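Engineer: Could you have a look at this structure, given as structure tokens, before my questions?
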Amino acid sequence: TILILDFGSQYSHLITRRCRELNVYAELMPCTQKIKDLSFKPKGVILSGSPYSVYDKDAPHVDPEVFELGVPVLGICYGLQEMAWNMKGKVAKCEHREYGFAQVQISKIGGESKGADALLEGLGDELQVWMSHGDQLSELPPDFHVIGRTSTAPYAAIAHNSKPFYGIQFHPEVTHSKRGKEGIRTSPIHQINYKRTLQEEFIGKEIARIRDICGPKGRVIGAVSGGVDSSVAAKLMHEAIGDRFHAIMVDNGVLRLNEAQQVHEMLNKDLGVNLTVVDASDLFLSRLEGVEDPEQKRKIIGNTFINVFEAEAAKIEAAAEAEEAKGGEAKGKIEWLLQGTLYPDVIESISFKGPSATIKTHHNVGGLLKDMKLKLIEPLRELFKDEVRALGRLLNIPDHLVQRHPFPGPGLAIRILGPVTRDQVKILQQADNIYIEEIRKAGLYNQISQAFAVLLPVKAVGVMGDARTYEQVIALRAVQSEDFMTADWFVFPAEVLRRISSRITNEVKGINRVTYDISSKPPATVEWL
Ligand code: XMP
């Protein structure tokens, strides 16, 4: 494991991201982390950037033990300055602050290159990098040499003469940085010759951790939605504790066509996960009756979900108690609630104002906890989405599920722009199903980040046979996006759109017109509500 110490840079999580992309297992921890308190011995350490100056009164500082571990240490931006400051170098405000692209001249200047130990070895003479700093090194610490410089930063990259300590003023972790990954590749990670893949290390470690947390009898309950995250989390729990994990899928009446049934077959029949599907569609749809406001729809679905989930959990508990009363095996209480929280949800920011760093956590169904008094178990909290997908494949979850587009918790209710009724749900389910089927047939599904149909609450005139029709309109949406914070609409081949449109208007009763949404996010959002 590579330990990344976070000094509060907005890019810290990206360092983790880049390491993971190289199949190197990395963990981000607050910079206040004491080395003696670590539960593992890192194979390398990366010090992140920071909004602080090393000389600020309240500037965060690294535990100097980091430099005694005998492993490579890479300082990025503030990390470089912090390393140099620790080793008696000097840091000062820059005359010319650098933001944006810069050219780093590699090593040869002054003939200081130390050959194989040089961090930037093999990257040519010049590297285009991304800079963002107001301070820089003004004097090298003893025993360090320069391995790269820019026109304004004479110490843009430095290395220790004999120990594996490196500092770079630029940010190889940002995607603007051309060949940034290579900058990281040649860093400590490269040197430790890390062989095992993230997933191998992760699965073993996580299963052991889950078993340890739950003990020999502990029971866990969790919701599955049919999405990647909850399915992978559920399968991992099943691998760890078998039937002591109980999954619940709530059919809220606004799922995709045949979804509850498909999830049941896949998770329960194929993968062996202990799963109960609860059909609560009547309850959800009756509570949604006449509601048009999107936030109101979200709230109703969220709250109803909690009611149904809790009632189901209570039933499972009661059944176990009844069995025990009849002389069956004592099962123990359900103590844990599984959540498919991912890494980007966990780290919003790390604060080190005070000795204990706080990490803000978001919970999709956090409301469950208050009343249920369950403890949280979040096996995916250290992973990014693509890692969850890779993990899913290793756990034998079929590819079509692993690659599945995200689907929002409030489901089709936020894709039916008017009031939600069974009839409207049915129309949208059929149209959406044709749309996705045709996208898959055209081999485009994996090129698109998210695709879905939207049912508009307006009617338009059409003609079928010799008769005039007056029916509803379907809007199609397909976007490409890295993180769904921004998104662009997908350019379909015309014949694919033609086929989709023709099938929807022919096969779905109640629709006589199909439009394609060509809005990017921003200014639009991905969903229509
Ligand atoms: P927007 O519409 O905000 O969507 O651009 C970005 C991503 O978030 C999903 N989304 C939701 N997911 N509950 C969810 O679980 C919600 O209320 C919700 N609203 C939007 C959306 O599908 C897209 O992937």
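Engineer: What size of dipole, in debye to the nearest 20, comes out for the chain about its Cα centre when the only charges are +1 on Lys and Arg C-beta atoms and -1 on Asp and Glu C-beta atoms?
Structural biologist: Dipole magnitude for the chain comes out near 260 debye.
Engineer: Within the stretch 450-464, list the residues whose amide N lies under 13 Å from a label point set 7 Å along Cα→Cβ of Ala442.
Structural biologist: Within reach of a label on Ala442: 451-452.
Engineer: Take the Cα coordinates of the stretch 204-320, assign each an equal point scatterer, and use the Debye formula without solvent to give log10 I(q)/I(0) at q = 0.22 Å⁻¹.
Structural biologist: Rounded to two decimals, the profile gives -1.24.
Engineer: State the dimensionless ratio Rg/Rh of the chain (Rg: radius of gyration of Cα atoms; Rh: Kirkwood radius).
Structural biologist: Result: Rg/Rh = 1.04.
Engineer: Follow-up question, since we're still on this one. So the label point goes 7 Å from the Cα of Lys521 along Cα→C-beta, right? Which residues of the stretch 438-466 then have their backbone N under 13 Å from it?
Structural biologist: 449-452
Engineer: Measure off 7 Å from each Cα along the Cα-to-Cβ vector at Tyr99 and Gln403, then give the distance between these two points in nanometres to one decimal.
Structural biologist: 4.1 nm
Engineer: What full-extension length gain, to one decimal in nm, is calculated for Ala330 and Lys34 as 0.36 nm per residue of separation minus the Cα-Cα distance?
Structural biologist: Using 0.36 nm per residue and subtracting the Cα-Cα distance, I get 102.3 nm.
Engineer: Relative contact order, percent, of the stretch 368-460 when contacts are C-alpha pairs under 8 Å separated by at least 6 residues?
Structural biologist: Result for the stretch 368-460 is 26 percent.
Engineer: Report, for the chain, the % of DSSP beta bridges that are antiparallel, rounded to 5.
Structural biologist: Looking only at bridges with both residues in the chain, the antiparallel portion is about 50 percent.
Engineer: Take each of the peptides 132-142, 220-230, average the number of other beta-carbon atoms within 10 Å over its residues, and list them starting from the highest.
Structural biologist: 220-230, 132-142
Engineer: Next question, about the same structure. Any idea how far apart Arg298 and Glu310 come out in nm if each label point goes 7 Å out from Cα toward Cβ?
Structural biologist: Simple spin-label model gives 2.2 nm for this pair.
Engineer: Please tell me which of these pairs span more than 28 angstrom C-alpha to C-alpha: Lys36/Lys205; Lys36/Lys57; Lys57/Lys375; Lys315/Lys375?
Structural biologist: Violating the 28 Å Cα-Cα cut-off are Lys57/Lys375.
Engineer: I need the peptides 384-392, 208-216 ranked by packing, meaning the mean over residues of other C-beta atoms within 10 angstrom, with the highest value on top.
Structural biologist: Ranking the peptides 384-392, 208-216 by packing returns 384-392, 208-216.
Engineer: So what is the relative contact order of the chain, in percent, for Cα pairs below 8 Å that sit 6 or more residues apart?
Structural biologist: Values: 995 pairs, mean separation 54.8, N = 529.
Taking the mean separation of contacting Cα pairs over the length of the chain, I get 10 percent.
A short reminder: the numbers here are calculations on the coordinates, not readings from a lab. Just so we're clear, the structure is a prediction, and the values are computed from it rather than from any experiment. FYI the Cβ positions are ideal-geometry reconstructions off the backbone, even for glycines, and counts take in every protein chain you see.
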